[in-house]
1. When DSSP beta bridges are limited to those with both residues in the protein assembly as shown, what percentage is antiparallel, rounded to the nearest 5?
2. Quick one: what does P(r) look like for chain A with 5 Å bins over all Cα pairs, in whole %?
3. Please give the net charge around B:Gly212, taking every other residue with its beta carbon less than 12 angstrom from that of B:Gly212, where Lys and Arg add +1 and Asp and Glu add -1.
4. Once you place label points 7 Å from the Cα toward the Cβ at B:Lys54 and A:Ile174, how far apart are they in nm?
5. I want the antiparallel fraction of DSSP beta bridges within chain B, as a percent rounded to 5.
6. To the nearest 20 Debye, how big is the dipole of region A:131-205 about its Cα centre, given +1 on the beta carbon of each Lys and Arg and -1 on that of each Asp and Glu?
7. Using protein heavy atoms only (no ligands, DNA or RNA), what is the total accessible area buried between A and B, 1.4 Å probe, nearest 100 Å²?
8. What does the C-alpha gyration tensor say about the overall shape of region B:1-137? Classify as rounded when a/c is under 1.5, otherwise prolate if a/b is larger than b/c, or oblate.
Amino acid sequence: MMRNIHELFKYESLNTPLHHIDPRSKLATIFIYLVLTIILSDIMHLLIILIIILSQLAIGRALRKFAKGLLTLTPFLVLILILNYLSLGSVSASLVPVFRFLLFLAIMDLFFLTTDPDDFALTLESLRLPLTVSLSFSLALRFIPTMAEQVNEIVEAQLSRGLKLDQGNFFARIRKYVPILIPIIILSIKRSIEVAESLEIRGVDPNIKRIHYVALKLSMRDIVYFLVNLGLVIVVYLASSYISSESLIALLHFSKI
Amino acid sequence: MIVVENLYFTYAPQGDYVLKNINLEIGEGELIAIMGDNGAGKTTLVKHFNGLLKPTLGRVYVDDVDTRDVPISELSRKVGMIFQYPEKMFFSERVWDEVAFALRNFGYDEASINRLVQKILNIFWLWKYRDSSPFILSGGEQRRLAIASVLVWNPKYVVMDEPTAGQDAVQREILLQIINMMVSQGKTVILVTHDVEFVAEIRPRVILMSNGEVVYDGEATRLFRNPGILESAGLTQPILFKLESRLRDQGLIEGGFNTIDEAAKKIISLLGDERL
Ligand SMILES: Nc1ncnc2c1ncn2[C@@H]1O[C@H](COP(=O)(O)OP(=O)(O)OP(=O)(O)O)[C@@H](O)[C@H]1O
Ligand SMILES: [Mg+2]
């Protein structure tokens, strides 16, 4: 499982409508969905949002990757479910946080799986964030695939030295990650020093105003994309106060009688 | 013996094959160099030998055991894998623990661990560093430590991915000695390398790969006399073989040279030196 965790976040340059949407429009879109996810707490409402997001992921040809990521995180989801069940004592109530988590993942994937890290950097700068912040963000994103490769290499090397990750009790298992975590930390520190040096060599200076070679431009399509989603969010929100799982169940009971 | 039968491999479920119809037999005590250009599939191939990767199609057998049927940890006891830049995997506070790590994983008792670690550190001139941090060693010493921490469990097959990468002339010489030592112990040694000069010095059996396929499998000498195949796989002739072919083209020699000394003698005699 550990061996393909990085696949979850890897951007792939595909030619789908979603990949062409301006990152600012996408950012605003995922923002309103996140807000909606937090406001609503009825399973059925969350399910509707999930369907909307999943269909967009399908358009962005990112559904498979999302599903794979989900598979990797299944133990985590089960853990959330169990912990909530223990504290809330009801299955349906404990499903809500699981669904929220799922939605959160799907929404994040909608942005990160379809947005080029370079465009993301430009977005952050266009939001007038300081260069140090936007650069750190986009570099971090940039390095996820490289880091992931490194993690994979280290895991493989330690497996070849007889490390068995899936044996022993809980604490024994945690300790087994030491031979993986330490090399990763060392590599990351080395890498960050290298990056800092290479930025300095190329004259990156946060105090100087920069001019971009590639500029982001909002097109009609980007605006429409956002407005359609805003419309969907509003409709779901308004409908949510009229229809809930309970009213639906009640309705079904009525129709039986 | 490692046997590879009709091996095909792809990383992505619907992706292109990175390895295509590979068939190989690697016998006991053989010295082998797997060569080829970047992305030819060399690393992908050797990762099948200790089960890190399993065939998409076809089979890989290590001593008659199908690699799909046993865990990596079991195959690794037989097939020691030394990756490119192996010093990246260090994590211990002391050199001693770094070497003992695999032995502990494989369940050796403390007495054997003490004996084996002491022995290997002495062979690799690292005994004096046993209590030091692996991270303070020089690049060459780190590479030696990485190799020692695999050879310590005495695997029958040893795979080294780019052992000469980033090493100076002295370290290359030491590596050469280590390889000779392993061969004399009867180990099967599989080197993955671009380094034609290094291969020209040891003259192993060469498996040449290009684009996921084996395009040559045979003597190094015969391969190095054939610049056509070499270039098709992104490699050039070693200096000695370039020299040889120039002299042959001029009709000055027949055949070729096995060593630099041989070449030097021949050239001196061509110059008509009486001392020879
Ligand atoms: N983990 C991976 N996931 C996906 N594709 C990979 C992975 N590792 C390697 N590849 C691809 O497989 C092909 C063969 O790679 P491999 O590393 O085996 O080549 P190589 O001969 O060892 O090259 P090099 O000389 O650069 O080390 C390349 O096209 C590479 O991009
Ligand atoms: Mg390689």
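The values are calculated or read from the model by the stated rules, or taken from the named source; none is laboratory data. Just so we're clear, the structure is a prediction, and the values are computed from it rather than from any experiment. Glycine gets a Cβ as well: all are built from the backbone with ideal geometry, and neighbour counts include every protein chain shown. Note: areas computed on protein heavy atoms with side chains; ligands, DNA, RNA excluded. Shrake-Rupley method; radii C 1.70, N 1.55, O 1.52, S 1.80 Å.
1. Numbers: 18 of 36 bridges.
In the protein assembly as shown, approximately 50 percent of DSSP beta bridges are antiparallel ones.
2. Calculated P(r), rounded to whole percents: 1, 5, 10, 12, 14, 14, 13, 12, 8, 5, 3, 1, 1, 0, 0, 0.
3. Numbers: positive: B:Lys20, B:Lys42; negative: B:Asp16, B:Asp37, B:Glu213.
After counting each charged neighbour, the total is -1.
4. Label at B:Lys54, label at A:Ile174, 3.1 nm between them.
5. Values: 18 of 36 bridges.
Here the antiparallel bridges make up roughly 50 percent for chain B.
6. Working: 9 positive and 8 negative charges, 88 e Å.
It works out to roughly 420 debye.
7. Numbers: alone 16390 and 13430 Å², together 28010 Å².
Adding both sides of the contact gives about 1800 Å².
8. Values: a/c = 2.33, a/b = 1.91, b/c = 1.22.
Judged from the Cα gyration tensor, region B:1-137 comes out prolate (a/c at least 1.5, a/b above b/c).
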